[in-house]
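Since the structure comes first, as structure tokens, the remarks are kept for the end.
The values are calculated or read from the model by the stated rules, or taken from the named source; none is laboratory data. Bear in mind the structure is a predicted one, so any value in this text is a computation, not a measurement. Note that each Cβ is placed from the backbone with ideal geometry, even for glycine, and that neighbours are counted across all protein chains shown. Accessible surface areas use protein heavy atoms only, side chains included; no ligands, DNA or RNA. Shrake-Rupley method; radii C 1.70, N 1.55, O 1.52, S 1.80 Å.
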Amino acid sequence: AAMVKETIRVYARVKPLGRRQQAGSYSVDVEEEPLSSLEITVPRDLADGFVNNKREIYKFKFQKIFDQEAKQDVVFDSIAKPVAECVLAGYNGTVFAYGQTGSGKTFTITGGAERYSDRGIIPRTLSYIFDQLQKDSSKVYTTHVSYLEIYNECCYDLLDPRHEASRLEDLPKVTIMEDSDQNIHLKNLSLQQATNEEEALNLLFLGDTNRMIAETPMNQASSRSHCIFTIHISSKEPGSATIRRSKLHLVDLAGSERVAKTGVGGHLLTEAKYINLSLHYLEQVIIALAEKNRSHIPYRNSMMTSVLRDSLGGNCMTTMIATLALDKRNIDESISTCRFAQRVALIKNEAILNEEIDPRLMIVQLKKEIQDLKDELELLTGKQRTSELSQEELLQLNDLIETFLKDNDPDSSLDVGADMRKIKYCFVHMKRLMNHPTTSDKKLLSQDIPEEYTNKEAGEELEKLKELLQQRDNEINILVNMLKKEKKKAQDALFQLNATSAGSAVLERSLSINLEDRQSPLSCFSLKEAKDFSSSVHRLPFLFRQ
């Protein structure tokens with residue numbers, strides 16, 4: 001499968017200043033290629049409080065920086081659209097927003113409710129994806145969405161259709177399972193099918209309604225939880241057995257600020273601890289991934305890192321957007337967000353095209369292959385029926401031959417199946433027609449086939465045939481050896497599919513019966529000779545083969 005190797009792309013977005021906020025000092029330099037850089041200046045009066053006061057100017061590199069005026073559509077086009085394109089092509093993708101509470105994460109990911117133009121990355125991605133799917137009629141697509149919230153290390157399904165939740169605890173709890181290949185499965189998370197943009201948006205609104213928002217003094221609608229909205233796409237070309245499955249995670253992380261600042265006690269403190277703990281584990285995973293020779297990556301430490309395991313250093317195209325509130329009061333938090341972003345930018349991911357084979361179609365193909373092999377085997381081992389052909393069958397063959405001879409198409413073929421008696425009769429009949437073109441069919445039929453061999457050339461003919469028979473016998477031995485290999489291939493494919501169907505049992509029986517009694521000193525022929533032989537067998541007339 002095709003593979004795309006690249007580091008996680010990291011972008012920054014600066015939130016517009018509020019009315020009563022004092023502007024912090026920063027500058028954006030877009031000229032530097034290929035990355036843009038952001039310089040943040042820490043004023044002296046703040047320096048001794050939070051940051052080691054020797055350094056006043058901090059410089060950070062980003063793929064691109066969106067300043068305060070940046071519009072939602074521009075952000076979508078640069079950040080999420082390239083990821084959505086990869087997902088449509090069969091790769092996994094993730095876009096996640098990281099930053100302190102109130103720095104514009106939810107606005108960037110979901111959008112603002114005031115104006116239509118404030119739509120965020122999720123609704124725009126849904127529009128874009130369904131738009132593309134409608135344009136592409138070459139494949140059959142199915143789309144599902146899921147919406148997961150992680151709060152205090154518990155996962156909840158936000159798309160539970162049974163009820164509108166008044167408390168988060170009312171929602172179904174989602175648990176994490178890991179299979180033997182270390183793939184993560186989310187148990188109890190509902191996948192809702194969405195056939196168009198409107199259905200998908202309704203599901204998004206249902207999830208947002210179910211989201212719990214706890215109020216803290218820092219922000220009247222502070223997001224205290226991580227949310228992961230996932231779009232699952234599977235596509236298949238009609239008639240093909242290959243299915244492509246990909247998923248796109250759009251992640252709104254909880255606020256990254258430190259506890260002291262939220263000015264709250266009681267249960268919000270345990271929340272802040274949990275939230276920071278899971279972000280702390282996220283940071284640990286990222287540090288571990290950035291180190292060259294680390295073998296163990298601590299994904300299992302938190303729900304968040306388990307769910308996003310593939311997005312971080314795995315099979316995924318990942319993009320991160322760091323949201324910054326660059327007013328004076330939040331400068332220190334912005335610097336720590338930028339530092340985190342720089343570490344994320346070091347991680348390399350390998351996105352692989354997710355293709356799999358539909359087992360049902362595969363079984364049909366294998367059954368057909370088995371039947372073909374049986375016919376071929378019957379032909380080569382000469383285990384033939386010995387009864388005479390009936391008068392009716394002979395007349396039928398005569399008609400076939402006549403049609404075949406009259407057909408002017410050079411590609412037409414005479415197909416009488418893998419029955420050696422019929423093949424032999426056809427050759428004899430054709431030979432007669434060649435020798436006595438004027439004789440009518442009626443006469444030919446009344447003659448008995450064996451009489452053909454009672455003429456004076458019978459002796460020579462017999463000698464010739466004996467020699468050929470010996471030669472053919474040798475060739476058959478070689479072909480049987482090749483068939484043994486074929487048998488093994490077919491067997492392996494069947495075992496893989498657990499298709500212990502009656503067909504395979506019959507095939508094995510017939511193969512083993514026919515192969516056991518054909519041991520020959522010639523089985524040590526080289527493969528090249530075997531190939532030459534097999535091609536010559538196809539070229540010689542079947543009559544001689546007998």
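When the surface is traced with a 1.4 Å probe over the full set of protein chains, T195 keeps roughly 90 Å² accessible.
Applying 0.36 nm per residue to the separation of E461 and Q68 and subtracting their alpha-carbon distance, the gain on full extension is 131.7 nm. Note on N474/K5: beta-carbon distance plugged into 1/(1 + (r/R0)^6) with R0 of 51 Å gives a FRET efficiency of 0.45.
What's the FRET efficiency of L206 with K489 using the Cβ-Cβ distance as r and R₀ = 56 Å, to the nearest 0.05? So, using R0 = 56 Å, E works out to roughly 0.65. Here is the list for segment 102-159: GluC sites (Glu not before Pro) lying in DSSP coil, each with at most 16 other C-beta atoms within 10 angstrom of its C-beta, are E114, E153.
Once all protein chains are placed together, M3 keeps about 100 Å² accessible to a 1.4 angstrom probe. Annotation note: GluC sites (Glu not before Pro) in segment 384-438 located in DSSP loop regions with a Cβ neighbour count of at most 10 within 10 Å are E388. Ordered by 1.4 Å accessible area with all protein chains kept, Y281, Y98 run largest first as Y281, Y98.
For the peptides 466-476, 227-237, the ranking by packing is 227-237, 466-476, with the highest mean count of neighbouring Cβ atoms within 10 Å listed first. Loop-located trypsin sites (Lys or Arg not before Pro) across segment 51-132 with a Cβ neighbour count of 12 or fewer within 10 Å are K54, R55, K71, R115, with loop assigned by DSSP. Note on segment 1-151: with charges restricted to the Cβ of Lys and Arg (+1) and Asp and Glu (-1), its dipole about the Cα centre is near 280 debye. Here each label is just a point 7 Å from Cα along the line to Cβ, and for H185 and L414 those points are 5.8 nm apart. Here the calculated FRET efficiency for E355 and E153, from their Cβ-Cβ distance with R0 = 22 Å, stands at 0.05, rounded to the nearest 0.05. With a simple spin-label model that places each label point 7 Å from the Cα along the Cα-to-Cβ direction, the separation between L346 and K81 comes to 3.3 nm.
Heavy-atom accessible area, probed at 1.4 angstrom with all protein chains present, ranks K484, K368 as K368, K484, highest first. Please give the residues of segment 387-412, grouped as numeric ranges, whose backbone N is less than 20 Å from a label point set 7 Å along the Cα-to-Cβ vector of M430. Within reach of a label on M430, which here means backbone N under 20 Å from a point 7 Å along Cα→Cβ, segment 387-412 contributes 389, 393-412. Here the label points at T242 and D399, each 7 Å from Cα along the C-beta direction, are separated by 4.4 nm in the simple model.
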